[in-house]
Amino acid sequence: MTFKLPRYTAPDELIHGGGIIEAAKRAGIPIEQWIDLSTGINPNGWPVPTLPASTWQRLPESNDGLEQAIQEYYSFDITNGLNNFVITAGSQSAIQLLPQLFPKGTIWIPEEGYSEHPYWWNFYQHKVFLYRPEDLNMLFQHKKGSPLPFDTLLIINPNNPTTQTYKKSFLEKLLNVIEVESKQLVIDEAFLDTQPEHSLLNRSNNKHLIILRSLGKFFGLAGIRCGVLFSHPSLLNTVRKHLGPWQVATPSRWVATQALNDTNWQKEATILLKHASCRLETLLQKSLQHHIQSNNIISLTRSDYFCSILCSDFEKQNIIHSQLLKHAILVRKFSDSFRLRFGLPKNESEWEKLTHALTNIRKSQKTE
Ligand SMILES: Cc1ncc(COP(=O)(O)O)c(C=O)c1O
């Protein structure tokens, strides 16, 4: 098996969603008039009540209810509750730590995906190669005993921003190949809460598997900085030693516990997210029809949290992005591909505003 994958080069600066203050200043439109669709998180996150005063005064303590809530929430596929995890300050903390735990080696990372992954593996001097989804199929032709082309394979499921989603059966097959050769599989399941059927959490006790989960996306609680790393107990011991005792602050632990225990909110949020993202996909298909038919847009796909459009070139990407900016709507423009990501509007007033802007864009296309 020979692969010629491109090697990753770190950019000078990593850019993320957000930046509404800067966008408002540049466009000269007051910030109150903007809608920010540039992030991919649930815009109607778990409603945080007033916190007990004691949470601000006490140092974080384990077994305050958070560990039990995590066990309940993530054990959807398992009879004996999962207890092989470490709580982290968002998945970001785990993303920065993992490359420090393994000898310098080779890692495969999706060509398009959350940019912090390649950045940190490269920062800690691993050789980072960028794969496309179709490259993974070749791995099934691997002959037992012959070397795999990596030490670690990273999968983001579903991928942000491409929306690529891998089925559980596919991932199980991959894990089998990786396990036989004593390599490791890291799966970033930050956006998987609404599709538990694709999770490999029930295999997370496997020595060759690491799974990252986040409370930032589905629960919309990016600000509390809480995530969970699942793996085999031997790796978890090392992770604990690196992270120290107070990864997640007491107020964050309290909020995370309540959110993970709120099953009624979770059921409703799943339905609302799926409904909203289908609505967004239909709106974009209709409004950008002209661009789709003339192949200015190569693909329009959706996850339960956002829609993603891949434009044919920089000019088309830029036109759509700047037309929306004129209407005080910020979507995420990627610089490593010609992709735009549209987050979900928060309420009917934002839907109206987006629909109005897209209708104007459609009209201007017709008169071009
Ligand atoms: C795929 C993916 N994984 C992980 C993260 C990090 O999220 P957090 O640190 O808030 O858990 C992000 C953030 O955007 C992401 O897109």
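Quick look at the numbers
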{"read-out": "Residue-by-residue Karplus 3J(HN,Hα) for the stretch 245-253, coefficients 6.51, -1.76, 1.60, Hz, glycine and proline x", "value": "x, 10, 4, 10, 5, 4, x, 5, 4"}
{"read-out": "Size of charge dipole - the stretch 64-261 - debye, nearest 20, with Cβ of Lys, Arg +1 and Asp, Glu -1, no other charges", "value": "440 debye"}
{"read-out": "For Asp64, Asp188, order by how many other beta-carbon atoms lie within 10 Å, fewest first", "value": "Asp64, Asp188"}
{"read-out": "Among Leu51, Leu37, Leu330: highest mean-square fluctuation, GNM of the chain, C-alpha pairs under 10 Å", "value": "Leu51"}
{"read-out": "Difference of contour (0.36 nm per residue) and Cα-Cα distance, Gln57 to Asn295", "value": "79.9 nm"}
{"read-out": "Rounded to whole Hz, the Karplus (6.51, -1.76, 1.60) HN-Hα couplings of the stretch 105-110, x for glycine and proline", "value": "x, 10, 10, 9, 10, x"}
{"read-out": "Residue-count net charge about Ile224 - beta-carbon cut-off 15 Å; Lys, Arg +1, Asp, Glu -1", "value": "+2"}
{"read-out": "Taking the stretch 248-368 and dividing mean pair separation by its residue count, relative contact order in percent (alpha carbons under 8 Å, at least six apart)", "value": "21 percent"}
{"read-out": "Among Glu172, Glu32, Glu315, residue whose mean-square fluctuation peaks in a GNM of the chain (springs only between Cα atoms under 10 Å)", "value": "Glu32"}
{"read-out": "Whole-number percent relative contact order across the stretch 64-261, with pairs defined as alpha carbons under 8 Å at least 6 apart", "value": "28 percent"}
{"read-out": "Overall form of the chain per C-alpha gyration tensor (a/c, 1.5; a/b vs b/c)", "value": "oblate"}
{"read-out": "The stretch 126-176: C-alpha gyration tensor shape, a/c 1.5 cut-off, then a/b vs b/c", "value": "oblate"}
{"read-out": "FRET efficiency, His356 to Asp336 (Cβ-Cβ, R0 30 Å, nearest 0.05)", "value": "0.45"}
{"read-out": "Projected label distance in nm at Met138 and Asn83, using a 7 Å step from Cα toward the beta-carbon", "value": "4.4 nm"}
{"read-out": "Cα-Cα over 26 Å, subset of Lys104/Lys167; Lys25/Lys353; Lys286/Lys333; Lys168/Lys274; Lys217/Lys267", "value": "Lys104/Lys167"}
{"read-out": "Residue of Pro43, Pro118, Pro251 that the Gaussian network model of the chain assigns the largest fluctuation, springs spanning Cα pairs under 10 Å", "value": "Pro251"}
{"read-out": "Of the trypsin sites (Lys or Arg not before Pro) in the stretch 182-277, those whose Cβ has at most 16 other Cβ within 10 Å and which sit in DSSP loop", "value": "Lys207"}
{"read-out": "DSSP beta bridges in the chain [antiparallel fraction, %, rounded to 5]", "value": "50 percent"}
{"read-out": "Leading residue at positive end of dipole, the stretch 64-261 (Cβ point charges), from Phe140, Asn160, Tyr74", "value": "Phe140"}
{"read-out": "The stretch 182-223: relative contact order in percent, alpha carbon pairs under 8 Å with at least 6 residues between", "value": "48 percent"}
{"read-out": "Extended-chain gain in nm, criterion 0.36 nm per residue less alpha-carbon gap, Glu13 and Glu67", "value": "15.9 nm"}
{"read-out": "Cβ-placed point charges (K, R +1; D, E -1), dipole of the chain about Cα centre in debye, nearest 20", "value": "540 debye"}
{"read-out": "For the stretch 146-154, 3J(HN,Hα) per residue [Karplus equation, 6.51 cos²θ - 1.76 cosθ + 1.60, θ = phi - 60°, Hz, x = Gly/Pro]", "value": "7, x, 7, x, 8, 9, 9, 10, 9"}
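Where a number appears in this text, it was derived from the coordinates with a stated rule and is not lab data. Nothing here was measured: the structure is a model prediction, and the numbers come from that model. Virtual Cβ from ideal backbone geometry, glycine too; neighbours counted across all protein chains shown.
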